[in-house]
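Presented below is the structure to which this report refers.
We did not get these values from a lab; they are worked out from the coordinates using the rules stated. Given the structure is predicted, the values throughout are model-derived calculations rather than measurements. For neighbour counting, all protein chains shown are included, and Cβ atoms are generated from backbone atoms with ideal geometry for every residue, glycine included.
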Amino acid sequence: MVERDGANRKTTNRGASTTPDFAERETDILSDAHSCLSKPAIEPTTASLCSSAKELANIIRNRSFAESAHALRRAFEHLVECRTEPCLDGKATQVGDLALLPPKGRVFLFSDLEGNIEDVVSALDEHKFLARMRANDPDDQVFLCILGDSIDRSRSSSVLMEFLLELKSTPEFSRNIIILPGNHELSMDVQGLSDKPGDARNRLGLRDEVLVGRESYQSIDLAREDTRAVASLCHEPRFRDYRPFQEPPTTDDDRAHEARVGMWLLFNDIFQVLPKMIMSGNGLCAAHAGFPARRPFSYPLEVATSLTNEEKHEVLMGITSLTDISPERSRCHPFNRTLDDISWSDVDPTIDDLQGAPLVGSNKRGVGGVPGPGVAWGYRALERFSEISGATLFIRGHQAEAPSHPDVTPLANGSWRYKTCVTINSSRNYSSFVSLDLSIQSPGPEHLKFHTPLIDI
Ligand SMILES: [Mn+2]
């Protein structure tokens, strides 16, 4: 009955006024979005109809809140399905939180895009990604891996996330694409405590973009660091309390707000169900920041090397079940040490093995002054993880600044190497990404190709 009222009102509004004012139109759109959020979408995704990444990005940039809500809902349901449908046919597959690449094809890896949609779009088009994925030639498989921190203080964080998720939930592309969350996407959601628009506790601006509205958010001059304008919008009483409503909303304003809250929660759920780590059949491993480092991964190296294959497999299986996707939502992971290790850790060549308290790590990064939950790791920890996992090359992002140390080698475009680990950075400042031939057995850093995309805005 409520939906029917909404539908009637929509028709009336569209027929009665040639130029409905923005607020009225937006409320109308949000009411539609509210119903989209509560039911699965069935129509084909926009990406199926696009010939280039640029075309898709433009469509997504201009789509309505209702269309975004619809697409995100479809992406969430697809990602949940991906967790439980392993399949070995030359494509990427997934077991729980662990994404698996086949030992054939070329993989392109980006990390820390930080809302930098233009670069990834131009890179994908330069390498004819959509056409090649669509052609599905077994001898020309291309894979796209995004290693997290795709969002940051930017006007394009929500557009970039929607762009990546749209590709991921398109059937002909899905199994050539792996999207990992970084600490930006997984940082603890401490409600109501953040006064800064870019604070990690509101996912570095993504919450503001969603709750305030992309259109309003983009009208604020962030280049002038006029962040107080965003803060004042976000701290209107109705934006402060973004928990789901206990009672059904009665006014249009409430319905619009609930729709925005629903979309914000949906983004959070999507980040939870994304895979957390990537491995290939030949020895490539990739994650946002680190690898499982504390128990059971912190066996002494002599114990790790003496594990049977079955025992190593059992230890690795810990990676496949980091996330509880039960309907009871858990949006933070303060006590999931393995997830902290993967999404927050830093390389520190001055540390022999691991540094970090047993429960909460003590590396320098943190949220709101609280020490970061990851660990700092050195060579022995990397060696032990390589021994257990069989990884000969570990690719990560997260740490733009290379530590100054004789064992650290600066590479192209802000990337750097430490032993068998390569840290890449695809943010605006560096815009670099790497690719690797997956057929190479036991690859090392020397097998990586470094790219810098053309910026074409
Ligand atoms: Mn990071």
Practice task
Calculate the length of the line joining the C-alpha centroid of region 371-396 to that of region 82-100, in whole Å.
Solution key: 23 Å
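Can you give the FRET efficiency for residue 253 and residue 77, using 1/(1 + (r/R0)^6), R0 = 41 Å, r = Cβ-Cβ distance, to the nearest 0.05? Could you put the intermediate results ahead of the total?
On the way: r = 29 Å, r/R0 = 0.70.
E between residue 253 and residue 77, to the nearest 0.05, is 0.90.
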Problem - Which of 320, 350 has the fewest Cβ neighbours within 10 Å, and the rest in rising order - result: 350, 320
